[in-house]
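Reviewing the structure listed below.
The values are calculated or read from the model by the stated rules, or taken from the named source; none is laboratory data. Bear in mind that the values here come from a model prediction, so they are computed numbers and not experimental data. Please note: Cβ atoms are built from the backbone with ideal geometry, for glycine as well, and neighbour counts cover all protein chains shown. Just the protein is used for accessible areas: all its heavy atoms, side chains included, with ligands, DNA and RNA removed. Shrake-Rupley method; radii C 1.70, N 1.55, O 1.52, S 1.80 Å.
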Amino acid sequence: MSESTTDRDPDPDAEAASITYDGTGVSPLAGVGTAAWYDPGADASLDDPPAPETVDPDAERERFEDARERATTELERERERTAERVGEEEAAVFDAHRQFLDDPQIIDGVEAAIDEGLPAAHAVRRAFEDPISQFEGMDGRMAERADDLRDVRDRLVRLLTDGDRVDLSSLPDGTVLLAERLTPSDTAQLDPDRVAGFATKLGGRTSHAAIFARSIGLPAVVGVGDDLEEIADDEPVFVDGDAGAVTVDPTADQRERANAGRGVEVREERVTTADGEPIEVAANVGTLAELEGAIRQGADGIGLFRTEFLFLDRESPPDEAEQIEAYREALAAFPEGRVVVRTLDVGGDKPIPYLDMPDPENPFLGERGIRRSLGPDADLFETQLRALLRANAAEPGTLSVMFPMVATVSELEAALETVASVADDLASEGLDHEVPELGVMIETPSAALTAEALAERVDFLSIGTNDLTQYVMAAARENDRVAELHDPCEPAVLRAIERTVAAGQAGDAWVGMCGEMAGDPDLTDLLVGLGLDELSMSAVTIPDVKANIAAVETAAAETLADDATDAAASAAVRDRVAKRDRSHSRDSNPDSDSDADPDSDSETP
Ligand code: PEP
Ligand code: MG
């Protein structure tokens, strides 16, 4: 992943040379500031343990107990603070830390190491080694639990060695924090008004640090690799969370970009294309804390609420009451806008510890999404549907429910039957309610190839290009080695999209897109030309996409889409996209009114 590209100017009198390090961008935000390394785990005094006979095990046990108590108090404080600043779901990670702190196996491990003659801090380090490497050997989100364990270990070691905690909440203004990795507690302390951004050697887009950075609007790049160490404290650094790059000695252009902020006007109103075609622009959210950002960026509604985040990082699933509250909060945030809630999509890269999930070799081709909801998680599915229908009764009119990973018409029919039976049960319990709009995600090649039959049975289709691309191209979405193939601009993927839109139109179902492709501002014209009614994306890209929609002429976009779907390779598609004809569009005519006409909004796509 880490690959540094140098951009040195041969002229010594010219502007300072820039060196760029590549990693994974976390959000389309850029920041410039001064590098500061953060190394919470470093404590040289732990290298050589003293001779065992000089250690008093009783005293060390007491010190360990005392450190555990102080750690508990700190975690409670940090939980409270995170719940206020970021959100309840993110705060729940500190509950997981409490559980590790109270884990009898870990406590026994520490005490056994003390009995062998190690002082408490050394014993803590030793006792955490095995559990950390066990989690590191797992896939996806489970691997990230290793971060949580390290966080708990470092907290205990710090308390035992009286090490000063670096106060991340009061870093000097304009700090760009560099670290091997950041834990959830580290990231939750960062103040986006003071910190210009961060870059880490390790971590991926779904690491907690990345999720927090997106939620609080911090420029961040993760997974840069060991080359990041070449950057020294106090060097001026540009963090480009969009391109996934960290540049030392930023150019004047980069500084200007960072200081200009996003520079894109937020349009709270709905937009139409330049020739008046309405397109709904919605936000993808995983946590309730992201709702506020979605409103701030001008989302018309929520196009994808990934409900699995309500189920992660906890010991048991949320019950019906807890889910009703969460869904009501999402509905209340957009009283006028559609809120599309996706039923539980676990399996694949999202294992859940308290569910019985065998670990097959190809989890992405195994029990995922609706396959689990119609199989081992049938009870959870019913509870979730009850909660959704009850939330809809309380905040009526804007809920839509969609099913993930559908591959066959019979799966969809079974899901619809479950909705109907839950709806009947609620009615017979005396609940006065209506069944919400229902839809299906198009994420498998089989769903795209049978989209006509699916569209006839639902109100809408939403294309999940992240999975659709991985399955059409047989290229795993998280495997760097095949990243080039995981390209939604591959003609095969575009043809699957084209087919789905045509099927939706024939079946009178609106068609949206909630995969990452929808939020790529370079592709807005192409997606308009393909005929999508709705685009749903990370909130930060909404202003760019709305601006692009307002500038596009449908006829030109359709020509572009025809050319693109006829192309033989993604390179040719991107080339055509780059040369798209905007000669008739409003952004090429600065005198024209570039605001969309709010009166021409349609209620639904
Ligand atoms: C998708 O697959 O495109 C999608 C939106 O779902 P997720 O990324 O949650 O799998
Ligand atoms: Mg998906």
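Annotations
- Kirkwood's formula applied to the C-alpha pairs of the stretch 180-339 gives a hydrodynamic radius of 18.1 angstrom.
- Sequence-distant contacts, meaning Cα pairs under 8 Å at least 6 residues apart, place the relative contact order of the stretch 50-160 at 32 percent.
- Nearest 10 degrees, 0 to 90: helix 120-136 Cα axis against the chain principal axis: 30
- Semi-axis lengths, largest first, of the ellipsoid equivalent to the stretch 50-160 are 27, 17, 9 Å, with √(5λ) applied to each eigenvalue of the Cα gyration tensor.
- Dipole magnitude of the stretch 50-160 about its Cα centre (Cβ charges: Lys, Arg +1; Asp, Glu -1), debye to nearest 20: 340
- Net +/- balance of residues flanking residue 38 in space, Cβ distance below 9 Å, scoring K and R +1, D and E -1: -3
- Tail weight of P(r) past 23 Å, computed on alpha-carbon pairs of the stretch 273-588, percent: 56
- Highest average first, the peptides 270-279, 518-527, 568-577 ordered by how many other beta carbon atoms sit within 10 Å of their residues are 518-527, 270-279, 568-577.
- Legend: Rg and Dmax of the chain, from Cα coordinates, 25.6, 84 Å.
- Using the Karplus relation 6.51 cos²θ - 1.76 cosθ + 1.60 with θ = phi - 60°, the per-residue 3J(HN,Hα) values for the stretch 62-68 come to 5, 4, 5, 4, 4, 5, 5 Hz, with x marking Gly and Pro.
- Amide H contacts of residue 175 (H built 1.01 Å from N, under 5 Å, at least 5 apart or other chain): 34, 196
- Only one residue of 537, 385, 497 has its Cα farthest out toward the positive end of the dipole of the chain, where Lys and Arg carry +1 and Asp and Glu -1 on Cβ, and that residue is 497.
- P(r) weight above 23 Å for the stretch 440-549, C-alpha pairs, percent: 24
- Entry comment: accessible area of the chain is 42 Å² per residue, from protein heavy atoms only and a probe of 1.4 Å.
- Within the chain: Cβ-based charge dipole about Cα centre, in debye rounded to nearest 20 (Lys, Arg +1; Asp, Glu -1): 680
- The relative contact order of the chain, computed from alpha carbon pairs under 8 Å that lie at least 6 residues apart in sequence, is 14 percent.
- Amide H to amide H distances under 5 Å link residue 400 with 339, 340, 341, where only residues 5 or more positions off or on other chains count and H is placed in the peptide plane.
- Summed residue charge, Cβ within 10 Å of residue 531's Cβ, Lys/Arg positive, Asp/Glu negative: -4
- Cβ-placed point charges (K, R +1; D, E -1), dipole of the stretch 246-316 about Cα centre in debye, nearest 20: 160
- The chain - mean residue ellipticity at 222 nm from DSSP helices (-39,500 (n - 2.57) per run, n ≥ 4, rounded to 500): -13000 deg cm²/dmol
- Per-residue ³J(HN,Hα) for the stretch 445-451, Karplus 6.51 cos²θ - 1.76 cosθ + 1.60, θ = phi - 60°, Hz, x for Gly and Pro: x, 5, 5, 5, 6, 10, 4
- HN-Hα J in Hz across the stretch 490-507 - Karplus 6.51, -1.76, 1.60, θ = phi - 60°, x for Gly and Pro: 4, x, 5, 5, 4, 5, 5, 5, 4, 4, 5, 4, 4, 5, x, 5, 5, x
- Antiparallel DSSP beta bridges within the chain, percent to nearest 5: 35
- Rolling a 1.4 Å probe over the protein chains gives residue 352 an accessible area of about 0 Å².
- For residue 103, distant residues with modelled amide H under 5 Å away: none
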